[in-house]
Amino acid sequence: MNYQPFIDDSASLIEFTRIYLAIFYTFVAAFYTYRIIYKNRTTPSGVIFPGEKFCISWWNHMAFKFFRAAIWFVCVVRVFIPELDGYLILFEPLNGWPGVMFGNVLLSAGFILTMFVHFNMASLWRSGIDPSGPKELKTTGLYEYSRNPMYLGVAAAQIGFFLALPSLFSLVCLLVGLTALYRQTVIEEKHLTQSFSEEYLQYKQLVPRWL
């Protein structure tokens, strides 16, 4: 009798991941919706700044909004209609142990890192570029090791999603997401350079953009 541990059972892992992704992204959607509503109520100027319509920052925000909604929708529908996988164009050689498990772990770790930075920034947190801010340059905590720890967490989560659901759909989401992240990072660092001049330039020399 051949015994294969659950940890090596790709079929069980895939079915677990199907449910996990639906729960995970539903939680993420609910969390961000609540936090944005709460932050907007407690911050007179608001916390969401996509920029002028059709500018690069605006397109980055639109891309994230669209793909976040698409990912949530696909992950939830897959639970009830497994046949949807056929339309996602799965990369079968990657769809099993250990890639899918590592994807689940990386996805979760990336989100945890993002939330840690989010709460650590407290009232300084903004989505996009606040024309009237920021009032101070954040250089402590994880910002001592990376200039963009929150975006680093987002990137890790995006890579994790691709590994957890290796497919053409998740690959497109990953490429668009990483491109938008990079473009937004460049824009925000330019804004910080203008706002803090020498202070930010010195900070850039001491701390890497990512790791």
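Every number here is computed from the coordinates shown, using simple stated rules; none is lab data. This structure is a prediction, so every number in the text was calculated from the model and none was measured. Please note: Cβ atoms are built from the backbone with ideal geometry, for glycine as well, and neighbour counts cover all protein chains shown.
Put simply, the amide H of S167, placed in the peptide plane, has neighbours under 5 Å in F91, leaving out anything fewer than 5 places away on its chain. In the chain, the longest principal axis of the Cα atoms and the axis of helix 99-121 are about 20 degrees apart.
Exposed loop positions in the chain were taken to be GluC sites (Glu not before Pro) whose DSSP state is not H, G, I, E or B and which have at most 14 other beta-carbon atoms within 10 angstrom. Between these positions, the longest stretch is 53-135. Relative to the longest principal axis of the chain, what angle (0 to 90°, nearest 10) does the C-alpha long axis of helix 168-206 take? Between helix and principal axis, roughly 20 degrees.
If the reach is capped at under 22 angstrom between alpha carbons, list the lysines near K39, excluding any in the same chain fewer than eight residues apart. Partners within reach: K65, K135, K138. Taking semi-axes √(5λ) of the Cα gyration tensor in Å straight from the coordinates, which label in [x] 26, 18, 18; [y] 49, 16, 14; [z] 35, 19, 16 is the correct one? Comparing each candidate, only [z] matches the computed number. Helix 149-164 and the long axis of the chain differ in direction by around 20°, with both axes built from C-alpha atoms.
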